[in-house]
Amino acid sequence: MSKKQLFLFAFLAVTAIFLYLLLKDNDFAKDKINNIIEPKIEGSFKLDGKYIGENTWEYTVTGQLPNPCYSATVDSLVKESYPEQVTVKVTVVEPKGSEICTQVIQDFLYEGEFTASEKATVELKVE
């Protein structure tokens, strides 16, 4: 074996080891990206969600309203800090006094997303 062949073989071996370690670390990072919001419950509302990558989080708010005349709005407020502090705020709107409603519990579902780093902390607030 000539010196050139030996050098080429050593170079290829080092490159292969480097690529293996790089890809192995990349797979570890992919596992870390799948951050899941630990379910948050306040009153009759529950917040679930997960980090899907590229500073994007998807979340779902489920709950119950006293009757179909009630409504609710959901806003996500991201505080500018690192890691970001995100508050998912549910505002329940009572019906006007003159409305007549069937007295049955109304299920509520809202799906949304917000932009924050994967290390953001998330809380649920119901008003």
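The values are calculated or read from the model by the stated rules, or taken from the named source; none is laboratory data. All of these numbers come straight from a predicted model, not from anything done at the bench. Cβ: placed from backbone, ideal geometry, glycine included. Neighbour counts: every protein chain shown.
Observations
- Taking (1) under 23 Å from LYS119 (Cα atoms); (2) modelled with pLDDT of 95 or more in turn, TYR82 satisfies each apart from (2).
- Screening the range 96-119 for residues that are of a type in the set (Gly, Ala, Ser) and in a loop (DSSP other than H, G, I, E, B) and picking the one that is nearest to VAL86 (Cα to Cα) gives ALA116.
- Identity of the residue in the range 85-107, under 24 Å from THR56 (Cβ atoms) and of a type in the set (S, T, N, Q), that ends up farthest from the chain's Cα centre (by Cα): THR91
- Leading residue by the ranking (farthest from PHE114 (Cα to Cα)) among those in the range 69-79 that are surrounded by 15 or more Cβ atoms within 10 Å (Cβ to Cβ) and of a type outside the set (Phe, Trp, Tyr): CYS69
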